[in-house]
1. Please verify whether Lys110 is open to solvent by 90 Å² or more (accessible area, probe 1.4 Å), over 30 Å from Thr14 (Cα atoms), basic (Lys, Arg) and over 17 Å from the mean Cα position of the chain (by Cα), treating the condition exactly as stated.
2. Taking the stated definitions as given, is Ala54 surrounded by 17 or more Cβ atoms within 10 Å (Cβ to Cβ) and within 30 Å of Asp142 (Cα to Cα)?
3. List pairs: first in the range 110-135 and touching a residue at least 12 places away in the same chain (Cβ under 8 Å) and acidic (Asp, Glu), second assigned to a loop (DSSP other than H, G, I, E, B) and surrounded by 12 or more Cβ atoms within 10 Å (Cβ to Cβ), Cβ under 8 Å, 6+ apart or cross-chain?
4. What residue, among those in the range 63-79 that are closer than 12 Å to Ala11 by Cα and at pLDDT 80 or above, is surrounded by the most Cβ atoms within 10 Å (Cβ to Cβ)?
5. Regarding Lys90, is this residue modelled with pLDDT under 90, in a strand (DSSP E or B) and open to solvent by 60 Å² or more (accessible area, probe 1.4 Å)?
6. Looking only at residues in the range 12-46 that are outside any strand (DSSP E or B), open to solvent by 80 Å² or more (accessible area, probe 1.4 Å) and closer than 21 Å to Phe80 by Cβ, which one is modelled with the highest pLDDT?
7. Is it true that some residue in the range 71-85 is in contact with a Leu (Cβ under 9 Å, 6 or more places away or on another chain), touching a residue at least 12 places away in the same chain (Cβ under 8 Å), β-branched (Val, Ile, Thr) and in a helix (DSSP H, G or I)?
8. In the range 130-151, which residues are open to solvent by less than 30 Å² (accessible area, probe 1.4 Å) and either at positive phi or part of a strand (DSSP E or B) (or both)?
Amino acid sequence: MEQETKSHFFAVRTTGGQEKVVMGLLENRIKLKKLNIQSVLLLENLKGYVVVEAIDANAAFDALQGIRHIRGQLRGELTFKDIEGYLVKKSTVSELVVDQVVEIIGGPFKGMKATVTRVDQDKEEATVILLDAPYQLPVTVDANYLKPSTH
């Protein structure tokens with residue numbers, strides 16, 4: 001039975017705009033010294049920070065020692081929930097099928113129900129006919145604005 005290693009996420013403060021540089025320096029150091037760092041994340045909405053995934057605070061601290069543009073040491077531990085929203089989700093478009101009833105969860109038609117008439121995998125959008133409209137109105141919407149209806 002393989003032992004699952006529990007990793008921890010740490011937010012590391014950097015000079016604003018230097019997150020990519022810090023990330024590059026960290027990646028090089030991890031490769032060269034074969035450090036015990038699982039990943040380094042750059043989150044778009046978290047300006048001035050890089051997230052380091054490591055076995056423990058010591059491993060993260062060792063990896064960060066002396067790297068340029070690091071402004072502060074570890075700012076406490078982040079939970080997976082803290083960063084989960086930033087990770088790339090599986091596209092909704094792969095779950096959509098023609099004639100399926102969906103709920104629109106974003107955009108101008110939010111809250112309406114519709115039937116899928118066409119799915120464009122490449123553009124990640126779907127053409128739907130609104131069920132709440134008085135007449136058949138085909139609308140093309142971003143697939144991420146759709147979720148399969150529970151009714």
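The values are calculated or read from the model by the stated rules, or taken from the named source; none is laboratory data. Computed from a predicted structure; not experimentally measured. Here the Cβ positions follow ideal geometry from the backbone for every residue, glycine too, while neighbour counts run over all protein chains shown. Calculation scope for accessible area: heavy atoms of the full protein, side chains included, ligands and nucleic acids excluded. Shrake-Rupley method; radii C 1.70, N 1.55, O 1.52, S 1.80 Å.
1. Numbers: open to solvent by 90 Å² or more (accessible area, probe 1.4 Å): yes; over 30 Å from Thr14 (Cα atoms): yes; basic (Lys, Arg): yes; over 17 Å from the mean Cα position of the chain (by Cα): yes.
Against the criterion (open to solvent by 90 Å² or more (accessible area, probe 1.4 Å), over 30 Å from Thr14 (Cα atoms), basic (Lys, Arg) and over 17 Å from the mean Cα position of the chain (by Cα)), Lys110 qualifies.
2. Values: surrounded by 17 or more Cβ atoms within 10 Å (Cβ to Cβ): yes; within 30 Å of Asp142 (Cα to Cα): no.
No.
3. So the pair list comes out as Glu124/Ser91; Asp132/Met112.
4. Start the filter on the range 63-79 by keeping residues that are closer than 12 Å to Ala11 by Cα, which leaves 64, 70-79.
Then drop every residue that is not at pLDDT 80 or above, which leaves 64, 70-71, 77-79.
Values: Leu64: 22, Ile70: 18, Arg71: 13, Glu77: 13, Leu78: 19, Thr79: 9.
Among them, the one singled out is Leu64.
5. no
6. Within the range 12-46, the match that is modelled with the highest pLDDT is Asn36.
7. So far as the range 71-85 goes, yes, one or more of its residues are in contact with a Leu (Cβ under 9 Å, 6 or more places away or on another chain), touching a residue at least 12 places away in the same chain (Cβ under 8 Å), β-branched (Val, Ile, Thr) and in a helix (DSSP H, G or I).
8. We begin by selecting, within the range 130-151, every residue open to solvent by less than 30 Å² (accessible area, probe 1.4 Å); these are 130, 133, 139, 141, 143, 146, 149.
Across the range 130-151, the qualifying residues are Leu130, Val139, Val141, Leu146.
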